[in-house]
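The values are calculated or read from the model by the stated rules, or taken from the named source; none is laboratory data. Nothing here was measured: the structure is a model prediction, and the numbers come from that model. Here Cβ is always computed from backbone atoms with ideal geometry, including for glycine, and neighbour counts include all displayed protein chains. Accessible surface is based on the protein model in full, side chains and every heavy atom, while ligands, DNA and RNA are left aside. Shrake-Rupley method; radii C 1.70, N 1.55, O 1.52, S 1.80 Å.
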Amino acid sequence: MQTSMYAVKGLGSLCFEVQSRRRLSAGFCEFKQPSFRECNSFCMRDRTTCCGLRLDSATMGAELTRVRYGVESLVRSSAKSRSLKVQASEGDIEEVKPIKSQEKSSGVVLPFVGVACLGAILFGYHLGVVNGALEYLAKDLGIVENTVIQGWIVSTLLAGATVGSFTGGSLADKFGRTRTFQLDAIPLAVGAFLCATAQSVQTMLIGRVLAGIGIGISSAIVPLYISEISPTEIRGALGSVNQLFICIGILAALVAGLPLAGNPVWWRTMFGVSAVPSILLALGMAFSPESPRWLFQQGKIAEAEKAIRTLYGKERVAEVMHDLTTAGQGSAEPEAGWFDLFSSRYWKVVSVGAALFLFQQLAGINAVVYYSTSVFRSAGITSDVAASALVGAANVFGTAVASSLMDRQGRKSLLLTSFGGMAASMLLLSLSFTWNVLAPYSGPLAVLGTVLYVLSFSLGAGPVPALLLPEIFASRIRAKAVALSLGMHWISNFVIGLYFLSVVTKFGISSVYLGFATVCVLAVLYISGNVVETKGRSLEEIERALSSAV
């Protein structure tokens, strides 16, 4: 009977939370084993209130689930505590550590991560496709001598992506993650078609803007969706898969440019083929489960449980639902608006997300991606497209290594190692263009320094920010805060894409690379003092820890 009294007290504690920490004036009767039906009977006598607190239907469902899974957790904990006490030979009581269940999960996550990563592939492909195609499309469209228009063809994609990244957060909050993916396929496919068939600069620019809106939305919701459906123990590895597929997309774009030398109109095929993954993304998301966290926030409890069964297996439904209720998701607190991101409650953590993406871009990665072909050519590398493809391969390799390290080494240590390596690589590149003693080797050094830079980037600065942000943002601001941080990413990306060649012409490639190295050093200092480690912790645990620290 002592055990059931503890369960009753636990139920009282849960209802105590429901009425916003006001003391209950009424006690609870003693019963043998609490059940959801008994909780339902207690809290729902008039079907509108729970412990004296008036609830709407969505909140009522979430709070009942909070009680249900809290009670189940208490019963499990009570049973577990009894099983952990064993009698020693001397009659003493010995405490034994609980053993996690080794039962194989019946859920499946990887196929749905793979579908989401089609958005990441398109992200990388549209970023990299202009690298090899720019020279040939400039001839077709009659803008060979107009570097300003060429810069706009590169950068309009990024302007569209800035709009898309902000839009993606609101769409994901309103319609859900999977439906937003399906909406996202529309500008991606239409943009690809317009670019492939463009007979004028205007059509090309419109196509690039639409494709940019598509990849901006993808950049916000791919890491968000993956982080919300991934099990805690492998969330780092799966989260870094997003960056891996971005790198695969960039590599695919660079490799796709190899036939250009023999077929100058091949650039149209390069743009057009990207419509295929867009269509597959829309179809795949029709069969993918919605984020359980989003469903829970909307009060769709039954659908959240169904999604958890699909993703993790029926044996983990109670565990995951308990995590969600403990974190307070689905409570009566209203969903955050854009201005809430700048409140004292959230600004510190939001500023970390924005700063990470700002450092990522100002460190020069997209200048390398967009213009590596031109840089290699100026350094005397004859097969410049092949050298750029080598850079893409290094990016894929480094990101694959990072995926295996993410849940062992942790996010923060990989960031520090990455930015440190990028600083050293950029310094090597800068010296290779200025030191006369290195002049005979400037070509090989340009390739070596660029490859080392990309490898360093792919170990941390590339995959970690998109993974870390959904982890550190509270559930009620997660979608919008990720969108805001990625907005910073695309704005800085746009400026670099538009002005990189002009700045290089004015100051020289060596000075620009030295500036990138300085940014990397500043990033190391900032990360050391402001970024928290999140490996091995559930999203709900991280949210509770950061909330208590505010």
J(HN,Hα) series, segment 437-444, from Karplus relation 6.51 cos²θ - 1.76 cosθ + 1.60, nearest Hz, glycine and proline x = 5, 9, 4, x, 10, 4, x, x
message = From the protein chains alone at 1.4 Å, what is the descending order of accessible area for Lys480, Lys412, largest first?
response = Lys412, Lys480
ask   = So what does Glu533 come to for accessible area, using a 1.4 Å probe and Å² rounded to 10?
value = 60 Å²
inquiry  = Could you check the spin-label model distance between Glu233 and Leu110? Points 7 Å from the Cα along Cα→Cβ, value in nm.
reply    = 1.5 nm
message = Heavy atoms of the protein only, probe of 1.4 Å, neighbouring chains included. What is the accessible area of Thr417 in Å², nearest 10?
response = 90 Å²
ask   = Of Lys348, Lys300, which has the most accessible area and how do the rest follow, probe 1.4 Å?
value = Lys348, Lys300
Prolate/oblate/rounded call for segment 192-290, Cα gyration tensor, a/c under 1.5 rounded = prolate
remark   = Taking the alpha-carbon centre of each part, the distance from segment 122-153 to segment 237-256 in Å is 21 Å
message = With unit charges on the beta carbons (Lys and Arg positive, Asp and Glu negative) and the dipole taken about the Cα centre of segment 121-279, which residue among Ile149, Pro187, Ile246 sits farthest to the positive side?
response = Pro187
inquiry  = Please compute the length gained on full extension between Ser510 and Arg268, using 0.36 nm multiplied by the number of residues separating them and subtracting their Cα-Cα distance.
reply    = 83.7 nm
note = Once Ser170 and Ile149 are pulled to full extension, the length gained, defined as 0.36 nm per residue separation minus their Cα-Cα distance, is 4.3 nm
message = I need the phi-derived Karplus couplings for segment 239-247: 6.51 cos²θ - 1.76 cosθ + 1.60, θ = phi - 60°, integer Hz, Gly and Pro marked x.
response = x, 6, 4, 4, 5, 4, 6, 4, 5
message = At 7 Å along Cα-to-Cβ for each site, give me the label-to-label distance between Phe339 and Glu315 in nm.
response = 5.0 nm
inquiry  = Between Thr518 and Thr434, what is the label-point separation in nm under the 7 Å Cα-to-beta-carbon projection?
reply    = 1.1 nm
